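Asks: Let me give you the structure first, and then I'll get to my questions.
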Amino acid sequence: MLAGPGAFLLALVSMAATPVWLPEGSAGVDNVVLPVILAPLIWVIAFVYTCLEERLPRCAAILTSGIGVQAMILIGQIVI
């Protein structure tokens, strides 16, 4: 349960929050294109980590904190 949905949720929230903290770049599309490219990479890293981690409470805490930090960035951007 943690490996599939948890890793996918982390990748999805990270993809949504990346344009907030990533600068635009010279063409103005870097903050739109890079999250789309990085989302599968974030998902793979989170998925493999959850499969290889022996202590599941630690793994759940790390994924939850990653989701929480990115969600707080999104909420802060929406509110402000």
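Derivation of every value follows stated rules applied to the coordinates shown; laboratory data play no part. From a predicted model like this one, the values you see are computed outputs, not experimental measurements. We place every Cβ from the backbone using ideal geometry, glycine too, and count neighbours over all the protein chains shown.
Asks: Which residue pairs have Cβ atoms closer than 9 Å, lie 6 or more positions apart in sequence or on different chains, and pair a first residue in region 1-13 that is on the phi < 0 side of the Ramachandran plot with a second residue that is surrounded by 17 or more Cβ atoms within 10 Å (Cβ to Cβ) and among the polar types (S, T, N, Q)?
Replies: From residues that are on the phi < 0 side of the Ramachandran plot, the pairs are L2/T50; A3/T50; G4/T50; G6/T50; A7/T50; L10/Q70; V13/Q70.
Asks: Shifting gears a bit: With T50, T64, T18 as the choices, which residue is β-branched (V, I, T), touching a Cys at 6+ places or on another chain (Cβ under 9 Å) and surrounded by 14 or more Cβ atoms within 10 Å (Cβ to Cβ)?
Replies: Details: T64 fails: touching a Cys at 6+ places or on another chain (Cβ under 9 Å); T18 fails: touching a Cys at 6+ places or on another chain (Cβ under 9 Å).
Unique residue meeting the criteria: T50.
Asks: Here's another thing I want to ask about it. Since L63 meets every condition but one in (1) in contact with a Pro (Cβ under 8 Å, 6 or more places away or on another chain); (2) touching a residue at least 24 places away in the same chain (Cβ under 8 Å), which condition does it not meet?
Replies: (1)
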